[in-house]
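One structure is given here, and the rest of the page talks about it.
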Amino acid sequence: GGDVLSIAGDALLCYWPAAVDTPEALTDATLAAARAGFAIQQRLREREAETEHRFETRIGVGAGDVVLGFVGGFEGRWEVIAGGAAFHDAGAAERAARSGDVVLARRAWDYAQGQCTGTILDGNFTLVTDSGDVVLPPLPRDDVVLPFSVFPPFLPFSVRNRLTPAPRAPPAWLPDAP
């Protein structure tokens, strides 16, 4: 599966790492991203039909080099910073998409086209019309539990403070009235 690197409002920044730097591994990672995007869009359409709530999104998929870094350290706060050709292309593909679409940038389509079908939007983008079967990965094992201390450095302050409230100073002593 992929990893969610950040969430900002209704936007998710995710990536699917290739196991090794080979065309086959890049194809697998690109297909996994495209299929996840397609599955998200299908589920949102199903949910819209079941409820009166509507949530629309655009999904862009890129492929290529990724650079990840951790920045921060002030007051124990860290952020994941992502860059590289894959994220640049994914952003461009997302901007080319309409609500409800999954659009692949050219490099991503070069990897996925043998196992997905799509409509060429222009020379740089392809609208995915069928991503093939989506096989969901197994859920994490119950016996693998990370300690809570791993997570707070990556949580927003507001969330972290609600989970582990800062110690409060004892109330100031009021002198006895005469």
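The values are calculated or read from the model by the stated rules, or taken from the named source; none is laboratory data. Just so it is clear, the model here is predicted, and its values are computed rather than measured. Quick reminder, even Gly has a Cβ in these numbers, built from the backbone with ideal geometry, and neighbours come from all protein chains shown. Side chains are part of the model used for accessible areas, which takes the heavy atoms of the whole protein and leaves out ligands, DNA and RNA. Shrake-Rupley method; radii C 1.70, N 1.55, O 1.52, S 1.80 Å.
Please indicate, with yes or no, whether at least one residue in the range 139-147 is open to solvent by less than 100 Å² (accessible area, probe 1.4 Å) and modelled with pLDDT of 70 or more. Yes, there is a match, as at least one residue in the range 139-147 is open to solvent by less than 100 Å² (accessible area, probe 1.4 Å) and modelled with pLDDT of 70 or more. Annotation: of all residues in the range 54-81 being among the small types (Gly, Ala, Ser) and crowded, with 17+ Cβ neighbours inside 10 Å, the one that is modelled with the lowest pLDDT is 64.
The strands (runs of 3 or more DSSP E) found entirely in the range 1-103 that carry 3 or more residues being farther than 23 Å from residue 152 by Cβ are 59-61. Scanning the range 40-53 for residues being surrounded by 13 or more Cβ atoms within 10 Å (Cβ to Cβ) and among the polar types (S, T, N, Q) gives a total of 2. The number of residues in the range 104-119 that are part of a strand (DSSP E or B) and either touching a Phe, Trp or Tyr at 6+ places or on another chain (Cβ under 8 Å) or open to solvent by less than 30 Å² (accessible area, probe 1.4 Å) (or both) comes to 3.
Consider residue 84 carefully, then state whether it is without any contact (Cβ under 8 Å) to a residue 24 or more places away in the chain, within 16 Å of the chain's Cα centre (by Cα) and under 27 Å from residue 121 (Cβ atoms). Please lay out each step first, then the result.
Working: without any contact (Cβ under 8 Å) to a residue 24 or more places away in the chain: yes; within 16 Å of the chain's Cα centre (by Cα): yes; under 27 Å from residue 121 (Cβ atoms): yes.
Yes.
Restricting attention to the range 10-39 and to residues that are under 15 Å from residue 59 (Cβ atoms) and free of Cβ contacts under 8 Å to residues at least 24 places away in the same chain, the residue that is surrounded by the most Cβ atoms within 10 Å (Cβ to Cβ) turns out to be 16.
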